[in-house]
Structure formats: C-alpha cells, structure tokens
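The values are calculated or read from the model by the stated rules, or taken from the named source; none is laboratory data. Model, not experiment: these values are computed from the prediction. Using ideal geometry, Cβ is built from the backbone for each residue, glycine included, and neighbour counts are taken over all protein chains shown. The accessibility values were calculated without ligands, DNA or RNA, using every heavy atom of the protein model including side chains. Shrake-Rupley method; radii C 1.70, N 1.55, O 1.52, S 1.80 Å.
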Amino acid sequence: MIQIQGLTQQFSNGRGIFDVTFEVEKGEVFGFLGPNGAGKSTTIRHLMGYMKPQKGTAIIHGFNTWEQQEKAREKVGYLPGEISFLDGMNGLEFINLMAGMQGLKDKKRRNELIERLQLEPKTPFRKMSKGMKQKVGIVVTFMHNPEIYILDEPTSGLDPLMQKVFIDLVLEEKAKGKTFIMSSHSFAEIERTCDRAAIIKDGRIVTVKNINDLQYMQRKIYDITLENKNDVEKIKESNLIIENTNDNVVRIVVQGDYNELIEELSKFNVINISIISQSLEDIFMNYYDTKVAVK
Amino acid sequence: MNISLFNQMIKLNMKNFLIFGFGSALYVVLMTSLYPMFAENAEAINELIKIIPETLKNALGFDSLTSYGGFISAEYFGLFFPIILGVFSVMTATQLLAHLVDKGSMAYLLSTKVSRTQIAFTQALVLISGLLFIVLLTFLGGIVAGEMLIDDQTSLEFNTFFHICLVGFLLFFVVGGYSFLVSSLCNDEKKSLGIAAALTFIFYGLDMAGKISSDFEWLRNITPFSLYNPSGIASGDAEIFIPSFILLGIGFFNYSAAVVVFKLRNLPL
Ligand SMILES: Nc1ncnc2c1ncn2[C@@H]1O[C@H](COP(=O)(O)OP(=O)(O)OP(=O)(O)O)[C@@H](O)[C@H]1O
Ligand SMILES: [Mg+2]
C-alpha cells in the first residue's frame, strides 16, 4: 500500500531524513516512532507530496507521491502534526470546506464523528483549545472514509478519555481493512493499535519490527517498595538489575524477562509497584546502543 | 478551480472586498460632490495652479482640471485609486498563498485530491474577483454621483468613465499578478508582503519620476503604471486598446507563472 524507498531530504542545516526505507501492507497499522526532531513529520510530508525527495521515492497505491501527488492523496486521510486552521472560520465551516474539497456529499459519518468526539463544531478556531482543534482535525481525516490513514501524532492534545475514543476509531477502521501509518514519540501510545513499527532517530531508520518484538525489547523501570527494609539487601543479591535503592524503595530495570522479577519479588512483602515513565531512547536504550556500537 | 474553496475564500475575504470597494466608491462620490464648488472657483484655482511648476502639473494631471473628467481622473483615479487598489492587491495576494503556507493551513488544503494547480488557480480567481468587485463598485459610484451631481454639459461620458475603470482594473490585474507570483514564491508571509509592496512602490515611483522629468522619461517604459493614464483617457488623448492588451498579457503571464511555481516548489508544511 505504501512503499518508501531510499527517501532522502537534507535541509540546509544538515538535518533531515536519510535513506528512509520501509513498506506498509494493506490492512496494517504501522507505527512510526521517534524522538522530537527525528524526521517523522518530514517523512510523512513526503507521503503527502509537499516536498520533492532529493533521493528515493515514496509510493502510495501505486502512485508516486511527488509526481502524481493528487492521485496518491486521493484515498488518503491526513492528520497534520502541527494543526493550523484558516483564521476567521469556525469548525463547522472548515469541516464543510474540507468535505467539499474531498468531494464528500454524505453527512452521516461526519455527524457521527462530531458526536463521538463530543465536538462543538460551531466554535470559532480562535476560541478552541488544542484538544478541540485536534478533534476537528480527526473529524476531517476520518469523515470521507479513506483507504489509507496518515496520522502525524494523532493523540496530541487529547485527554485520556478522548484518546480511548480515538483508539476505538482506529481499531474499527482497522477491522474494515484500512491501512494506517501513525507517528508518535511514545511507544505506549502505539502499542495498543499497531501491528508493526519503525523507529527513526536522527533521520535514519533504526529498526522495523513487529510490535511483539518491540515489546520484548523494551526496557522498563519499576520502583518497588518493600515493607521490610532488610529485604532490600536480600534483593540486591539476586540477578535482577538494580539501578539504585532509596530507603525501602528499589529501582529495578527489566528487559524482556518478567518471570525472574516475579519470582524474586514473591519472596518478599511488596507494598507498592510503580512504573517509571521513560523516553523512547531510554526504553530502547540497549537497541540504540548496540547500533551505535556496531557503527 | 475548486468551487468549495472558491466560495469559502470569497466568504473569508468578503469583509475586505466590501471595505475597499465601498471605501473607493464613497471616495469617488465625495470627490464628485466637491467638483461643483471647484468649478465655481475655477479661475482662482487656475491662478493658484500657475504657481506649480509645469512638470509637476503634468505628473499630477493638474493641467486638465477645468473639466469634471479632468478633475476626477487627476484627483481620484490618478491618486487615491492606485493607493487603495495597490494596498488591496498586495495584501490579498499575500493572504491567499504565502500566509497559508507560512501558517501551515495549506497542509489541509493540500490533503485532498485537489491538485496544487487547482488551488493556486482558485486563489488567483479569488484575487481577481475581489479586484473586479472593487472596481465595479467604484465605477457604479462614479456613474451615479456624476449623474446626480454634475451638469450634463461638463459630465464625463459613460464610455470614457468605463474606459478609465477598465484600464484601472487591468493595471491592478497586473499588480495583483506579480504580487501573487511573489506570494507563491515565499514561505514567509512578511517577506511576501514586503517584496510585493516594495515592487508596487517602485513601479509607482518610476512612473512619477518619468512624468516629472523628461530626462527620466525612459523610466516609464519599465513600469506598468505608465500604461494607465486616467487624465489622458478623460481628455480623449490616450490610447486604450494597446495598453489594455499589454496589461492583460503581463497579468496572464504573472498568474500563470505563479501557478507553475506553486506546483513545482517544495512547501515547508
Ligand atoms: N523545512 C525545514 N527546513 C529546515 N529544517 C527542517 C525543516 N523541516 C524539518 N527540519 C528539521 O528536520 C528535522 C526533523 O524534523 P521533523 O519535523 O521531521 O521531526 P519529527 O520527528 O516530526 O519531530 P517531532 O516529534 O518534534 O514532531 C528537525 O531537526 C527539523 O529541525
Ligand atoms: Mg513532527
């Protein structure tokens, strides 16, 4: 459905994307992970035909995304990363404008989406919060029933409840056989919906893997609070990777093998477990490190 | 062209169309209403004008103030009309492309099957419609005021007035055209506005300089403003067909170039 081959675009400041290559199959939900400035949006902009690749090609539905950009875009629903609407309009006017440009006549799906996202569409843009704008963007992206969804950080600005609504939407569309590519800088965000993901860093693809493999690779950190302070010393003797201890709290790093952790902890009286949120780099630190080492 | 986009853009810009259109029309009416008073004191005013150097009189079109046609073409069509339409052209052209690219909202317009060519073409039509609307209101204002306020003997012929407005429109078809080309080239809205405004100022200035001093007469060959000569049209001295044709050609070239540039360039969206 989507083929990206050797895509390269170097900006005057030396940043950009380099030799980006991956494919997304029909019916697949594909995650595109990377920290800020990694090149996710730049890659996606090439899919939308906003830039001419310096090298390489991007193809959607058999159409080159630069040379035949309007054909390539025809069956695409696009949610830009940086949302900026036309000033002086309200949400509904904008939605209608986009419906007109998409050639959409049927308002059923549009109204259904507005309702599900609890959007008040007649609000002028200048009075909208970030989340409301994001909702308008989602309505516009989903309302014309596209074959392929290209979503740049789709959940940014949405509260947890709306994130859930959004995930349901994605899963429903996936069940209908639609194809997705969505970028994010949080693994947790895409792990619920995606089949595969690519990780990009400094403009280069680091890996493309199944979600399950990535889940296995990820490095998690837990703060375990033990009731008995003496147990802290005992746990230190185990094979677990202990980052540090603070009073009766032990910080443990786990990658892949959870059984050992459970086995070890079952020996003690645990009163709290909390997971420490980490950046993408930290989660896949081992992976990034080995790549760098190989280079 | 895309109808939905066109309608929405007209709606968004309607306020400006109305402000500039009615502003221009009211000004014509106002100037027209001043003419009878002016005509009564014609002698005194002619005395006054004698003091002004010949060259400056030429530049400002004061040599033909004795008729209503001469008066309105010098006082309005030679002076305020270019300012009002110049500001409108530069501003609206920037608003229709560079502003949308700079702000990033163009990403949305370019997310459907509507091509870049169609979008640029539609936006150009919005600009041209705005110009047409403003000139039309000016024309109607002038005709109605002339009919009501000016004696039939001194009044300007319908055809002559129409010609002034037509060539005036074509001049700003060109000004709008190069402003639109600049707008399609720029990622930065302020830059687009600055360059288009500077160009317009320079072209206007070159025409003035060429009129004031015969040494600089040649300067008038490189500015579209010299093709628009309202005083000349009013007195029946100026050619209409050829300048109109040239203006139309330059205008078309600029809009086409803008569409091509917008189609081919990288957009930072
Ligand atoms: N038009 C441009 N001109 C110059 N540099 C650019 C341009 N667009 C992007 N860049 C640079 O390219 C790099 C990648 O940017 P990109 O927007 O693709 O990152 P991203 O992965 O989407 O990040 P984020 O998570 O912050 O959205 C950044 O360093 C950015 O500064
Ligand atoms: Mg981005």
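A few points about this structure:
- Residue that is farthest from ligand 1 (Cβ to nearest atom) [pool: residues in segment A:167-226 that are among the aromatic types (Phe, Trp, Tyr) and over 25 Å from A:Leu113 (Cα atoms)]: A:Tyr222
- Meets criteria (within 16 Å of ligand 2 (Cβ to nearest atom), within 30 Å of B:Asn13 (Cα to Cα) and among the small types (Gly, Ala, Ser)) for A:Ser84: yes
- Condition met for A:Leu151 (open to solvent by less than 30 Å² (accessible area, probe 1.4 Å), assigned by TED's automatic domain parsing to the domain that holds A:Ser184 and at pLDDT 95 or above): yes
- The helices (runs of 4 or more DSSP H) falling completely within segment B:4-123 that include 2 or more residues that are more than 27 Å from B:Lys263 (Cα to Cα) map to B:42-51, B:54-60, B:68-72, B:81-96.
- Meets criteria (touching a residue at least 24 places away in the same chain (Cβ under 8 Å), under 27 Å from A:Ser84 (Cα atoms) and open to solvent by 20 Å² or more (accessible area, probe 1.4 Å)) for B:Asn266: no
Quick grid of which residues meet (1) of a type in the set (Phe, Trp, Tyr); (2) under 19 Å from the mean Cα position of the chain (by Cα):
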site: A:Phe125; (1), (2): yes, no
site: A:Met132; (1), (2): no, no
site: A:Ile138; (1), (2): no, yes
site: A:Glu153; (1), (2): no, yes
site: A:Val170; (1), (2): no, yes
site: A:His185; (1), (2): no, yes
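- Inclusion of A:Gln10 among residues that are more than 12 Å from ligand 1 (Cβ to nearest atom), within 13 Å of chain B (Cβ to nearest Cβ) and surrounded by fewer than 24 Cβ atoms within 10 Å (Cβ to Cβ) is not warranted.
- Failed item, numbered, when A:His61 is tested on (1) within 14 Å of ligand 1 (Cβ to nearest atom); (2) open to solvent by 10 Å² or more (accessible area, probe 1.4 Å): (1)
- Test: residue in segment B:51-74 that is aliphatic (A, V, I, L, M), away from every other protein chain (no Cβ under 14 Å) and farther than 28 Å from B:Met208 by Cα: no
- Filter pass, A:Gly49 being in the same structural domain as A:Glu147 (by TED's automatic domain parsing), of a type outside the set (S, T, N, Q) and within 13 Å of ligand 2 (Cβ to nearest atom): no
- Listed by position, the strands (runs of 3 or more DSSP E) inside segment A:156-249 whose residues that are within 17 Å of A:Ile44 (Cβ to Cβ) and open to solvent by 50 Å² or more (accessible area, probe 1.4 Å) number at least 1 are A:196-201, A:204-210.
- Residue tally, condition of a type in the set (Gly, Ala, Ser) and either open to solvent by 60 Å² or more (accessible area, probe 1.4 Å) or under 14 Å from the mean Cα position of the chain (by Cα) (or both), over segment B:190-235: 5
- Residues considered: B:Phe225, B:Phe252, B:Phe203, B:Phe216. Of these, the only one that is assigned to a helix (DSSP H, G or I) and more than 30 Å from B:Leu100 (Cα to Cα) is B:Phe216.
- Residue in segment A:279-291 that is open to solvent by 20 Å² or more (accessible area, probe 1.4 Å), touching a Pro at 6+ places or on another chain (Cβ under 9 Å) and either on the phi < 0 side of the Ramachandran plot or modelled with pLDDT of 85 or more (or both) present: yes
- The set of residues in segment A:34-51 being over 15 Å from B:Ser115 (Cα atoms) and either surrounded by fewer than 18 Cβ atoms within 10 Å (Cβ to Cβ) or within 9 Å of another protein chain (Cβ to nearest Cβ) (or both) consists of A:Pro35, A:Asn36, A:Gly37, A:Arg45.
- Checked against (1) open to solvent by 70 Å² or more (accessible area, probe 1.4 Å); (2) in contact (Cβ under 8 Å) with a residue 12 or more places away in the chain, A:Ile276 passes all but condition (1).
- Some residue of segment B:23-36 being within 14 Å of another protein chain (Cβ to nearest Cβ), buried (at least 18 other Cβ atoms within 10 Å of the Cβ) and touching a residue at least 24 places away in the same chain (Cβ under 8 Å): no
- Cross-chain or 6+ apart pairs with Cβ under 6 Å, segment A:105-119 first and surrounded by 13 or more Cβ atoms within 10 Å (Cβ to Cβ), then not in a helix (DSSP H, G or I): A:Arg109/A:Met143; A:Arg110/A:Met143; A:Leu113/A:Met143; A:Ile114/A:Pro121
- Tabulated pairs, segment B:220-246, first farther than 14 Å from B:Met208 by Cβ, second part of a loop (DSSP other than H, G, I, E, B), C-beta under 6 angstrom, 6+ apart or interchain: B:Gly232/B:Ala238; B:Ala238/B:Asn229
- Cross-chain or 6+ apart pairs with Cβ under 8 Å, segment A:200-212 first and within 14 Å of chain B (Cβ to nearest Cβ), then of a type outside the set (Val, Ile, Thr) and within 16 Å of ligand 2 (Cβ to nearest atom): none
- Across segment B:126-139, the number of residues qualifying as surrounded by 18 or more Cβ atoms within 10 Å (Cβ to Cβ), in contact (Cβ under 8 Å) with a residue 60 or more places away in the chain and more than 12 Å from the chain's Cα centre (by Cα) comes to 2.
- Look at (1) under 21 Å from B:Gln118 (Cα atoms); (2) within 10 Å of another protein chain (Cβ to nearest Cβ); (3) open to solvent by less than 30 Å² (accessible area, probe 1.4 Å) and you find that A:Met89 fails only one, number (1).
- Any pair with Cβ under 8 angstrom, 6 or more apart, that starts in segment A:36-52 at a residue that is in contact (Cβ under 8 Å) with a residue 12 or more places away in the chain and ends at one that is more than 9 Å from ligand 2 (Cβ to nearest atom) and aromatic (Phe, Trp, Tyr): A:Lys40/A:Phe32; A:Thr43/A:Phe32; A:Ile44/A:Phe32; A:His46/A:Trp66; A:Met48/A:Tyr78; A:Gly49/A:Trp66; A:Met51/A:Trp66; A:Lys52/A:Trp66
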